[in-house]
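J.: Take a look at the following structure, please.
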Amino acid sequence: MARTIVEQLKGRSTCLVPKLNVALVYNMKRVDDDEVSDNLSGRSNGQDSDIATVSQTKLQKTKDDTYAEWDTEDTILAVKTALEQYHTVTLIEADEEAFPKLLQVQPDIVFNIAEGLRGPSREAQIPAMLEMLGIPYTGSDPLTLGICLDKSRAKEILSHHKIPTPAFAVIDSIDDLQSFSIALPCIVKPLHEGSSKGVLNASVVRTTEELRNQVERIINEYNEPALVEKFLPGREFTVALLGDGNSVRVLPIIEIRFDLLPYGANPIYSFEAKWEWDTLEHPLGEMYTCPAAIDKQLEKQIQDVSLRAFRVLRCHDWCRIDLRLDENNVPNVIELNPLPGILPNPNDHSAFPMAARNAGISYDSMLHEVLISAINRHGLA
């Protein structure tokens, strides 16, 4: 393979990285089941013209947030354009045709941003497939992705390692509430969803009636157990980590400013706050402070807890971790996102690129560093 010098970051060391055949494996967000974009057709280095579409027979009429975790067309093309600066890139939709397409393309490495569609193991499905085929890929392995998506399993591991996380219970049915013992207020979430799916302004519950109503909503609408956590009263932060092993770095910490939410809203990063109230057309002002206005002691506490969580859950290459302060101002890990959102437009307030920009890392360089981390880890450099 032809070789090219890729500068990881300005002012940092360079390494020789081969010009690779990279497959970008993704799921593309849609507004509803009737909207199928073909704008990516013809941009996938000779792949079938329907590579950007999902067969309508595979999609079912579901809630408005069904595809909230998936990437926008703009994001997919931005990632592809960045990677093409140094590599040949093929687009592959993470659907039932992914397996034969991967066999046909035989990429040197996969840049994985696929969230999947069905089941609690959906984020693990593409990496598991790649491991079976012997194809290297970016990001965490199937076990880590599956554990982190099942919030209770991740919290059990964190608790075992004495990493602070809110007290919680998993509620499989309404009958389980008879033995519920966590003091209210609490917050009720789907057990294995991301991108604030199912977390509404009403998810903060202060009475047993509210608790029952929200648990019923989760079980009925998402057909999965509800995770009920002790509601922490303190400030909330999100932390981007970049790299692997001893080279992983904590990027500038972001604070989410709940005082800028609409009057009367609960101080949580709900689905409404993330996708409805804070939009390009009507932004919620400076809702995100990066770097967070915190003292050095708290900054170090947040960094240390984030690094410990990253390593204990055996994350690779990148991850975004959400934390919240308890009543004693101790940072608690809320959840880990080993497939972080990466919207390219700064006005979209996507946290991982925001933290990278504040560290002096451009969007393209951020993606190259993820890829270089995986290349080094797999011994391809």
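The values are calculated or read from the model by the stated rules, or taken from the named source; none is laboratory data. Only a predicted model underlies this, so the values are computations on that prediction, with no experimental measurement involved. Counting neighbours? That spans all protein chains shown, and the Cβs are built from the backbone with ideal geometry, glycine included.
J.: Which residues, counting only those in the range 231-252, are under 15 Å from TRP318 (Cβ atoms) and of a type in the set (D, E, K, R)?
T.: Across the range 231-252, the qualifying residues are ASP244, ARG249.
J.: Does ALA52 fit the bill of being of a type in the set (A, V, I, L, M, F, W, C), outside the structural domain of ILE372 (by TED's automatic domain parsing) and at pLDDT 80 or above?
T.: For ALA52, the condition - of a type in the set (A, V, I, L, M, F, W, C), outside the structural domain of ILE372 (by TED's automatic domain parsing) and at pLDDT 80 or above - is not met.
J.: Something else about it: Can you name the residue in the range 310-349 that is touching a strand residue (DSSP E or B) at 6+ places or on another chain (Cβ under 7 Å) and among the charged types (D, E, K, R) and, of all such residues, is surrounded by the fewest Cβ atoms within 10 Å (Cβ to Cβ)?
T.: The residue in question is ASP326.
J.: Failed condition for LYS230, given (1) at positive phi; (2) at pLDDT 95 or above, with all others met?
T.: Of (1) at positive phi; (2) at pLDDT 95 or above, only one is false for LYS230: (1).
J.: If you go through the range 353-381 one residue at a time, how many are among the small types (Gly, Ala, Ser), in contact with a Gly (Cβ under 9 Å, 6 or more places away or on another chain) and over 12 Å from HIS316 (Cβ atoms)?
T.: 1
J.: Which of the residues belonging to the range 291-310 are assigned to a helix (DSSP H, G or I) and free of Cβ contacts under 8 Å to residues at least 60 places away in the same chain?
T.: LYS296, GLN297, LEU298, GLU299, LYS300, GLN301, ASP304
J.: Take the range 206-244 and flag every residue that is closer than 30 Å to ASN376 by Cα and touching a His at 6+ places or on another chain (Cβ under 7 Å).
T.: ASP244
J.: Let me ask something else. Name the pairs: first residue in the range 214-225 and at pLDDT below 90, second residue in a loop (DSSP other than H, G, I, E, B) and of a type in the set (Asp, Glu), Cβ to Cβ under 9 Å, at least 6 apart or on different chains?
T.: TYR222/GLU193
J.: Select, from LYS189, LYS155, the only residue that is in contact with a strand residue (DSSP E or B) (Cβ under 7 Å, 6 or more places away or on another chain), of a type in the set (Lys, Arg) and under 20 Å from ALA265 (Cβ atoms).
T.: On inspection, the qualifying residue turns out to be LYS189.
J.: Answer yes or no as to whether LEU177 is surrounded by fewer than 21 Cβ atoms within 10 Å (Cβ to Cβ) and of a type outside the set (Val, Ile, Thr).
T.: Yes.
J.: Oh, and also: Let me spell it out: the conditions are (1) in contact with a strand residue (DSSP E or B) (Cβ under 6 Å, 6 or more places away or on another chain); (2) farther than 19 Å from ILE342 by Cβ, and LEU133 meets all of them except one. Which number is the exception?
T.: Among (1) in contact with a strand residue (DSSP E or B) (Cβ under 6 Å, 6 or more places away or on another chain); (2) farther than 19 Å from ILE342 by Cβ, the lone unmet condition for LEU133 is (1).
J.: Within the range 138-148, can you find the residues that are under 17 Å from VAL25 (Cβ atoms) and buried (at least 24 other Cβ atoms within 10 Å of the Cβ)?
T.: Within the range 138-148, THR138, GLY139, SER140, LEU145 qualify.
J.: Of everything in the range 225-235, what is within 18 Å of ILE321 (Cβ to Cβ) and crowded, with 21+ Cβ neighbours inside 10 Å? Give them in sequence order.
T.: Once the filter is applied, which keeps residues that are within 18 Å of ILE321 (Cβ to Cβ) and crowded, with 21+ Cβ neighbours inside 10 Å, the range 225-235 yields LEU227, GLU229, LEU232.
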